[in-house]
Amino acid sequence: MIRWLKQKKSMLLSVLIIVFLSALMMTGCWDYQGLGEQTVVAGIAVDAGDEGEGYKLTFEIVDLNGAQDGQFGSILLTTTGETLAEAVYDAYARLHGHVYLGVTDVVIVGRQVAEQVGIRPLVDYLMRDRDARNSLRIAIAGTDTAAELFRPVAEEGDEGGTQDEEPRLLLSKALGESLSPRRQGARRATNALAVYEIHHVLHHGTSDVALPIVGASDTEDIPFQLDGLALFTDDRMTGALPEADMPVYLLATAGVRDRVFPVEVDGQRAVLAARHSRVRTDFDLDGGVLRFGLDIRVTADAQQLPDGWGEMTQPQIRRLELMAEEAFSAQVEALAERLRAEGHDVFGLAETVRSREPGLWEQIAEDWRAWLAASELDARIEVRVREAGMRR
């Protein structure tokens with residue numbers, strides 16, 4: 001009897017396993033669409049519509065039939081709508097298929113949209129879209145329109161739609177890779193935020209968003225160049241940080257990677273290459289004034305030494321480090337002062353207060369801009385020169 005029960009139990013278990021595996025093999029996504037039923041979008045340019053009304057979207061579409069030498073080309077599609085959703089669904093109507101944003105690396109926003117409409121509608125739409133990745137990057141166009149970075153678009157007088165053109169490389173893919181810290185490896189050219197990070201900042205209403213500006217390049221075969229940062233108040237662009245200030249900005253915020261800094265030593269010029277840095281921000285409330293401290297640790301190589309230094313001795317290395325610390329502190333504090341005077345908090349000062357002292361933040365949030373203008377910032381920088389580098 002016991003043997004019989006064991007056999008029945010074993011048979012029942014086997015049947016259940018077979019049924020379970022069969023169910024797994026028979027399941028599928030009820031709304032699955034094959035590759036041929038989808039239009040794969042690599043990048044999107046967002047511009048204002050005609051006479052500044054509504055939106056004009058330019059989709060850079062992967063040309064699945066136009067691969068050359070193992071690389072896909074792209075074609076362009078321009079749509080319009082009073083809202084972003086209407087402009088996207090205009091693409092659905094033109095293409096008679098699903099517009100797939102699952103591989104979209106970058107969305108470029110025209111300056112007119114960034115300044116007059118703001119980026120909140122775009123960020124909210126992307127966060128709700130079922131396909132769009134939360135890690136895609138948003139950049140601001142340094143050209144007259146965002147679509148110019150995907151040129152050639154429609155010839156003058158055309159009404160939009162797909163264009164007959166020679167197969168070309170995916171410009172948005174290359175731009176998306178240049179904006180991704182993960183793909184840059186050890187290098188950091190800018191501080192590009194993913195769409196979920198932008199949504200977080202806009203949702204909490206604390207520190208300001210700063211997004212890369214992308215301009216057209218004059219160099220043959222290089223379609224674009226990074227051209228500083230667009231500075232936002234809430235979700236609208238209200239200023240810009242030039243490319244020349246990017247090394248100092250990165251030093252004080254996200255950490256700098258492989259950027260060079262000139263340092264004056266005894267009236268002569270030396271050049272340090274900052275290999276990596278780390279930043280820690282703290283604050284206290286002293287006499288009704290917020291006092292922020294930036295602790296920055298920099299590891300650098302000496303790429304260019306003053307004349308006559310030759311083989312660097314330990315005292316010379318220490319002197320170079322002290323001169324670099326003084327120079328970096330002055331540069332960071334000067335940039336912070338300028339940005340505070342303009343009302344921009346791109347150093348994450350508000351977020352520091354909110355995350356560490358929520359009660360204090362609730363008291364000062366409504367008047368944050370006034371608190372920011374009256375605040376003080378002290379940059380405490382420690383530089384370690386790792387190698388002697390090269391002689392000039």
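The values are calculated or read from the model by the stated rules, or taken from the named source; none is laboratory data. Note that the structure is predicted; figures quoted are calculated from it, not measured. Every residue, glycine as well, gets a Cβ built from its backbone with ideal geometry; the counts of neighbours run over all protein chains shown. Calculation scope for accessible area: heavy atoms of the full protein, side chains included, ligands and nucleic acids excluded. Shrake-Rupley method; radii C 1.70, N 1.55, O 1.52, S 1.80 Å.
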Does any residue of segment 225-240 turn out to be modelled with pLDDT under 85, within 30 Å of Trp368 (Cβ to Cβ) and open to solvent by less than 50 Å² (accessible area, probe 1.4 Å)? yes
Limited to segment 110-141, what total is found for residues that are within 15 Å of the chain's Cα centre (by Cα) and assigned to a loop (DSSP other than H, G, I, E, B)? 5
Search result, residues across segment 335-353 that are open to solvent by less than 60 Å² (accessible area, probe 1.4 Å) and in a helix (DSSP H, G or I): Leu335, Ala336, Leu339, Arg340, Leu349, Ala350, Glu351, Thr352, Val353
Checking Leu169 against (1) modelled with pLDDT under 65; (2) under 18 Å from Ile198 (Cβ atoms); (3) among the aliphatic types (A, V, I, L, M): exactly one of these is not met. Which one? (2)
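Pick from segment 203-216 the residues that are open to solvent by 10 Å² or more (accessible area, probe 1.4 Å) and over 15 Å from the mean Cα position of the chain (by Cα): which of them is nearest to Leu250 (Cα to Cα)? Spell out the reasoning first.
Here is the first cut: in segment 203-216, the ones open to solvent by 10 Å² or more (accessible area, probe 1.4 Å) are 203-205, 207-208, 213, 216.
Within this subset, residues satisfying the condition of being over 15 Å from the mean Cα position of the chain (by Cα) are 203-205, 207, 216.
Working: His203: 24, His204: 23, Gly205: 22, Ser207: 16, Ala216: 23 Å.
My answer is Ser207.
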Pairs needed: first member in segment 281-293, part of a loop (DSSP other than H, G, I, E, B); second member anywhere, surrounded by fewer than 13 Cβ atoms within 10 Å (Cβ to Cβ) and of a type outside the set (S, T, N, Q); C-beta distance under 9 Å; at least 6 residues apart or different chains. Gly288/Ala374
For Val289, are the conditions met, namely being farther than 19 Å from Gly267 by Cβ and buried (at least 20 other Cβ atoms within 10 Å of the Cβ)? no
Answer yes if at least one residue in segment 60-69 is at pLDDT 90 or above, hydrophobic (A, V, I, L, M, F, W, C) and surrounded by 13 or more Cβ atoms within 10 Å (Cβ to Cβ), and no otherwise. no
When segment 301-324 is examined, which residues are found to be more than 15 Å from Glu264 (Cα to Cα), open to solvent by 30 Å² or more (accessible area, probe 1.4 Å), not in a loop (DSSP other than H, G, I, E, B) and not polar (S, T, N, Q)? Pro315
Here the residues within segment 102-125 that are charged (D, E, K, R) and crowded, with 18+ Cβ neighbours inside 10 Å are Asp105, Arg111
Could you list, in sequence order, the residues of segment 126-138 that are buried (at least 17 other Cβ atoms within 10 Å of the Cβ) and either in contact with a His (Cβ under 8 Å, 6 or more places away or on another chain) or modelled with pLDDT of 90 or more (or both)? Leu126, Ile138
Could you tell me which numbered condition Ala244 fails, if it satisfies all but one of (1) within 27 Å of Gly142 (Cβ to Cβ); (2) crowded, with 17+ Cβ neighbours inside 10 Å? (2)
Report yes if some residue within segment 325-336 is of a type outside the set (Phe, Trp, Tyr), in contact with a helix residue (DSSP H, G or I) (Cβ under 8 Å, 6 or more places away or on another chain) and under 15 Å from Val271 (Cβ atoms); otherwise report no. yes
Filter result (assigned to a loop (DSSP other than H, G, I, E, B), in contact (Cβ under 8 Å) with a residue 60 or more places away in the chain and of a type in the set (D, E, K, R)) within segment 242-280: Asp258
